[in-house]
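J.: Would you mind keeping the following structure in view while I ask a few things?
The values are calculated or read from the model by the stated rules, or taken from the named source; none is laboratory data. Quick caveat: nothing in here was measured; it's all calculated off a predicted structure. All Cβ positions, even for glycine, are placed from backbone atoms using ideal geometry, and neighbour counts span all protein chains on display. Accessible surface areas use protein heavy atoms only, side chains included; no ligands, DNA or RNA. Shrake-Rupley method; radii C 1.70, N 1.55, O 1.52, S 1.80 Å.
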Amino acid sequence: MEHRIMNKTIWLLLALVLLPLTLSAQKKEMSQAKQWIKAGNNLENAEQSMRKLLTDSANRRNDKIWELLFNAVKKQYEQGNEKLYLKQQYDTAKLFTLNKKMFEVLESFDSIDAEPDAKGRVTLKFRRKHADFLRPYRTNLLNGGMFFVDKRNYPEAFSMLSTYIDCGKQPLFSDFDFMAKDSLKIREAAYWALFSAYKMKKPEGVFRYLDLAVLDTAHRAYTLQYLAETYLMKNDTVHWLSTLEEGFRDYPRFTYFFPHLADYYSHHDQMQKALLLADRALGVDPGNLVYQYAKANVLLNTGSYKECIELCDRIIAADNTMADAYLTAGLAFFNQAVELDKNVRLTPQQKAELQTLYHNALPYLEQYRKLAPERKDKWSLPLYTIYLNLNMGKEFDEINKVISEAKK
C-alpha cells in the first residue's frame, strides 16, 4: 500500500514539474503561429502546428488555438485569391480546397462552442460571427465541386459538394435555413455528388443524397439511371428492375431504361411483359425504329411470324441499314421452315411451302451478312441450311468453308 502511495506521489510531482514546461512550449508554438500569420509566411506550418495542439484533448476547448488555426487557413486562402485576382500563377484546385477547410475548421469549432459548461449551460460565443463570415464563401463549395467534376477528380468533387449540402444541416448555419431557401442548388449539388459517387463505384455515396438528387428535375432521368446501375453493381436485381420500370414510366423517351427492360424480359421469357413494354413505348413514339424493332423481336420469339415480317419490312423501308431488322425477318421465315421440316413425311404441298420459306428467308439473311459480316454466329448456320436445302452448291461450299474455319 505504501509503495502504491509513493508511486502516485512521484507521478503527481512529475506532472506538476512538467506542466509548466508543456504550457510554456504550447505558448511558444501559439506565439510563433501568430507571428507567421501576421507576417503572411509559413502559413502551412502555422496550420499544422495548431492542428497538432488540438490533437491533445486538453486543448480541444482552447478558443485561441482554434482561432489561430482558422486564421492560418484563411490567410492562405486570401493570398491565393489575391494571386488569382492579379492573374498570377496559382493552383485553382488548392484555393477551392482551402475554402472548404475554412468551413471544416469553423464547423468543428462550433461543435466545441456548443458544448455545455460544467453547469450545463450553453453559451454560443462565436456561432453568429463565424456563420456570417462563411456565408459568402459557401457558393465556392458548389463551384469547387463542379470544378473537380469537370477535372474528373470525383473524390474531391464528392467531398466539396457534401460540405456544400451539409451546410443545410449544420447547427452553425441554423439561422439561414439553407435547405428551404437554397433548395434548387442543393438538389443540383446532390445530383453531382451522386454522379461522383457513381463514378467512384461507391454505392454508399450514391445513396447518401439520393432523397435530394431525385428532386432535381433537370437531372432526374440520369439519377435513376445511375441508381439502377448502382443496384446492378450490388447484385440487387429487385431494386434494379423496379428502378428501370420507374425510369421508363416517367421517361419513356430516355435511351437507357427501355432497352435494359426489354432485354431483361426477353432473356427471362417474360414475352407478354416485353410486348406490353414495346406497345407502351410505341404509344409514346410510334416512329421510333428501336421500339419497332424491339416489338418485332418479341413477335419473332412468340411465333407471331406474319406480324414480325410485316413490321421488319416497315423498319427496312424507313432505314435499310438497320441490320437486325433483316436478321429478324429472315429468321421469321427460316424458323417456320425448320418447324415444317421436322415432319417425317411431307406432302408435295408442304415440300413446296418449305422451299418457298427458305427462298423468302434467303435475301434477308444474305443482306444481314453484308451489313454485319463479323456476326458469323448469327448468319452462318441459317445460310448453311438454306443453301443445302435449295441445292445451291457453290454457295454451300463457301459457307461450309466459313464454318469450318470458324471452328479452328
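J.: Can you pull out the residues in the range 211-238 that are in contact (Cβ under 8 Å) with a residue 12 or more places away in the chain, of a type in the set (D, E, K, R) and not in a helix (DSSP H, G or I)?
T.: Matches in the range 211-238: Asp216, Lys234.
J.: Would you check which residues across the range 295-341 are part of a helix (DSSP H, G or I), closer than 20 Å to Leu282 by Cα and acidic (Asp, Glu) and list them?
T.: Correct list: Glu307, Glu310, Asp313, Asp324.
J.: Taking Val105, is it more than 19 Å from Val73 (Cα to Cα) and of a type in the set (A, V, I, L, M)?
T.: Details: more than 19 Å from Val73 (Cα to Cα): no; of a type in the set (A, V, I, L, M): yes.
No, not satisfied.
J.: Hey, could you check the range 188-204 for residues that are under 8 Å from the mean Cα position of the chain (by Cα) and among the hydroxyl-bearing types (Ser, Thr, Tyr) and say which is surrounded by the fewest Cβ atoms within 10 Å (Cβ to Cβ)?
T.: Narrowing the range 188-204 to residues under 8 Å from the mean Cα position of the chain (by Cα): 194-201.
From the residues that got through so far, the ones that are among the hydroxyl-bearing types (Ser, Thr, Tyr) too are 196, 198.
Numbers: Ser196: 26, Tyr198: 22.
Only one residue tops the list, namely Tyr198.
J.: Given the conditions (1) under 11 Å from the mean Cα position of the chain (by Cα); (2) open to solvent by 20 Å² or more (accessible area, probe 1.4 Å); (3) over 25 Å from Arg249 (Cα atoms), and given that Phe207 satisfies all but one, which numbered condition is not satisfied?
T.: (3)
J.: Something else about it: How many residues, within the range 376-395, are surrounded by 14 or more Cβ atoms within 10 Å (Cβ to Cβ) and farther than 19 Å from Asn335 by Cα?
T.: 2
J.: Moving to a separate point now. With the checklist (1) outside any helix (DSSP H, G or I); (2) closer than 18 Å to Asn143 by Cα; (3) open to solvent by 40 Å² or more (accessible area, probe 1.4 Å) in hand, flag the one item Lys185 doesn't pass.
T.: (1)
J.: Of the residues that sit in the range 75-117 and are over 25 Å from Lys64 (Cβ atoms) and not in a helix (DSSP H, G or I), which one is least open to solvent (accessible area, probe 1.4 Å)?
T.: Among them, the one singled out is Tyr90.
J.: Please state which one of Arg128, Arg135, Arg152 is farther than 21 Å from Phe70 by Cα and either open to solvent by 70 Å² or more (accessible area, probe 1.4 Å) or part of a helix (DSSP H, G or I) (or both). Step through it out loud before you land on a result.
T.: Values: Arg128 fails: farther than 21 Å from Phe70 by Cα; Arg135 fails: farther than 21 Å from Phe70 by Cα.
Residue meeting the stated conditions: Arg152.
J.: Quick one: count up the residues across the range 81-112 that are over 31 Å from the mean Cα position of the chain (by Cα) and touching a residue at least 24 places away in the same chain (Cβ under 8 Å).
T.: 4
J.: Between a first residue in the range 132-147 that is closer than 14 Å to Met160 by Cβ and among the acidic types (Asp, Glu) and a second residue that is assigned to a helix (DSSP H, G or I) and open to solvent by less than 60 Å² (accessible area, probe 1.4 Å), which pairs have beta carbons less than 7 Å apart while being 6 or more apart in sequence or on different chains?
T.: none
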